[in-house]
Structure formats: C-alpha cells, structure tokens
1. Would you mind stating whether residue 199 is without any contact (Cβ under 8 Å) to a residue 60 or more places away in the chain and either buried (at least 19 other Cβ atoms within 10 Å of the Cβ) or in contact with a helix residue (DSSP H, G or I) (Cβ under 8 Å, 6 or more places away or on another chain) (or both)?
2. Pick from segment 104-116 the residues that are within 23 Å of residue 175 (Cα to Cα) and out of contact with any strand residue (DSSP E or B) (no Cβ under 8 Å at 6 or more places or on another chain): which of them is surrounded by the fewest Cβ atoms within 10 Å (Cβ to Cβ)?
3. With the structure loaded, tell me whether residue 117 is in a helix (DSSP H, G or I) and either over 20 Å from residue 28 (Cβ atoms) or at pLDDT 95 or above (or both) or whether it fails that test.
4. Which of the residues belonging to segment 89-103 are outside any loop (DSSP other than H, G, I, E, B) and buried (at least 20 other Cβ atoms within 10 Å of the Cβ)?
5. May I ask you to verify whether residue 127 is under 17 Å from the mean Cα position of the chain (by Cα), in contact (Cβ under 8 Å) with a residue 24 or more places away in the chain and outside any helix (DSSP H, G or I)?
6. Which is out of contact with any helix residue (DSSP H, G or I) (no Cβ under 6 Å at 6 or more places or on another chain), touching a residue at least 12 places away in the same chain (Cβ under 8 Å) and surrounded by 14 or more Cβ atoms within 10 Å (Cβ to Cβ), of 192, 140?
C-alpha cells in the first residue's frame, strides 16, 4: 500500500508544472498574524514546497518533510527561486522520527492520504513535536468534498470533521475551527468549489 502511494505521488509530482501552484495556501496566509516572529516551523507532507517556502519567507526556520524525491526537487528549486534557506527531510509523515518539543509551529495542509490508523500516529507525533504553546495549523477537506470532486481523497474515512479534530486535539487550547465552501485555485490539483475545514490551536 505504501509503495503504491509512493508511486502515485511520484508520478503526480514528476511533471514540470507545480501541480498545487507556487503560491501558499490561502488559509495558511490568513494565519500570518498568529505566527511567531521567529522560531522553528514544521511543514508536514510539504510536497512541492509552496507552504514551507512561504513560512521561511516569514522568518521562520523551516523543516519541510515529504516522501517524494520529485516533489522535494521542486521544493528546493522554489526555495532557491525565492531566496530562502530550509531544511528538507525526505521521509514518510507517518514514520519520520519527529523531534520532541522542537517546533513553534506545525502546518498540515491537505495531507489526507493517511488511513485513520496512520492519521492517529501522525497527529500524535505532531503533538509531541510541538513546544508548549506551539501553534498548529490544519486545513483539510470535509466529507462534503466528495460531492464536489475538485481534489482530495475519494475515501470518506480520510476526510476531516469538526468532531474528529476536537477529539484528536482535545488537550490543546485556543481552538478555532471554521467550515466553508470556497472557490479554490491552487494549481491544477485544487481547482473549483471545495468543502474545507480550517483548524488552529495551541498546545
């Protein structure tokens, strides 16, 4: 299963174009007032680097994790293009050794390739990797996204709900969750009306 998933993403990222575009995710940009002026940021399953590069442009020391070499080649090129330095870790988001209490910010944008069991491991690792008071930013598709079909997984169990996020991060504080149907234009892979859920909280 992991090998099939790897091959699928390698194939998607192997094209010349940035399939999710070079601009950062709009919700991440909207979270700029919450970001610290300096510190370490973790960009999980950062793909072609659009979000990690933007975080680095905000003055953060960014670790960008992704398991696709093709994606990371493009992410490194984007970082050079934008004139920022980042640390790149080629690793699976579920099995990477997350450093404990190391990050001031963790960002997970549309990483819904995880099965429920994998997601539980990933989210537990993210929690452990955040410093006390660290900021967590998540955007994902809601189950309604299956009606739109404009991106994201086809398995309903991979989609995020308010109850799921509240349960997974019940020990966090300053939790803010919004749900919206929004017209998205993030490369060719996210295009059209989309049912999303936005989450921010502090450890």
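1. Values: without any contact (Cβ under 8 Å) to a residue 60 or more places away in the chain: no; either buried (at least 19 other Cβ atoms within 10 Å of the Cβ) or in contact with a helix residue (DSSP H, G or I) (Cβ under 8 Å, 6 or more places away or on another chain) (or both): yes.
No; evaluated as a whole, the condition is false for this residue.
2. First, pick out the residues of segment 104-116 that are within 23 Å of residue 175 (Cα to Cα): 104-112, 114, 116.
Now restrict to residues that are out of contact with any strand residue (DSSP E or B) (no Cβ under 8 Å at 6 or more places or on another chain): 114, 116.
Details: 114: 20, 116: 10.
Looking at the filtered set, the residue picked out is 116.
3. Criteria met by residue 117.
4. We begin by selecting, within segment 89-103, every residue outside any loop (DSSP other than H, G, I, E, B); these are 89-90, 103.
103 - this is the single residue of segment 89-103 that is outside any loop (DSSP other than H, G, I, E, B) and buried (at least 20 other Cβ atoms within 10 Å of the Cβ).
5. Values: under 17 Å from the mean Cα position of the chain (by Cα): yes; in contact (Cβ under 8 Å) with a residue 24 or more places away in the chain: yes; outside any helix (DSSP H, G or I): no.
It is false that residue 127 is under 17 Å from the mean Cα position of the chain (by Cα), in contact (Cβ under 8 Å) with a residue 24 or more places away in the chain and outside any helix (DSSP H, G or I).
6. Numbers: 192 fails: surrounded by 14 or more Cβ atoms within 10 Å (Cβ to Cβ).
Step by step, each of 192, 140 is checked, and only 140 is out of contact with any helix residue (DSSP H, G or I) (no Cβ under 6 Å at 6 or more places or on another chain), touching a residue at least 12 places away in the same chain (Cβ under 8 Å) and surrounded by 14 or more Cβ atoms within 10 Å (Cβ to Cβ).
Results for (1) farther than 21 Å from residue 173 by Cα; (2) surrounded by 19 or more Cβ atoms within 10 Å (Cβ to Cβ), shown as yes or no for each residue.
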site	(1), (2)
3	yes, no
15	yes, no
27	no, yes
30	no, no
35	no, yes
40	no, yes
57	yes, no
65	yes, yes
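Okay, residues lined up against (1) touching a helix residue (DSSP H, G or I) at 6+ places or on another chain (Cβ under 8 Å); (2) surrounded by fewer than 17 Cβ atoms within 10 Å (Cβ to Cβ); (3) more than 21 Å from residue 98 (Cα to Cα):
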site: 20; (1), (2), (3): yes, no, yes
site: 24; (1), (2), (3): yes, no, yes
site: 46; (1), (2), (3): yes, no, no
site: 49; (1), (2), (3): yes, no, no
site: 54; (1), (2), (3): yes, no, yes
site: 60; (1), (2), (3): no, no, no
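The values are calculated or read from the model by the stated rules, or taken from the named source; none is laboratory data. Just so it is clear, the structure is predicted and the values come from calculations on it, not from any experiment. Quick reminder, even Gly has a Cβ in these numbers, built from the backbone with ideal geometry, and neighbours come from all protein chains shown.
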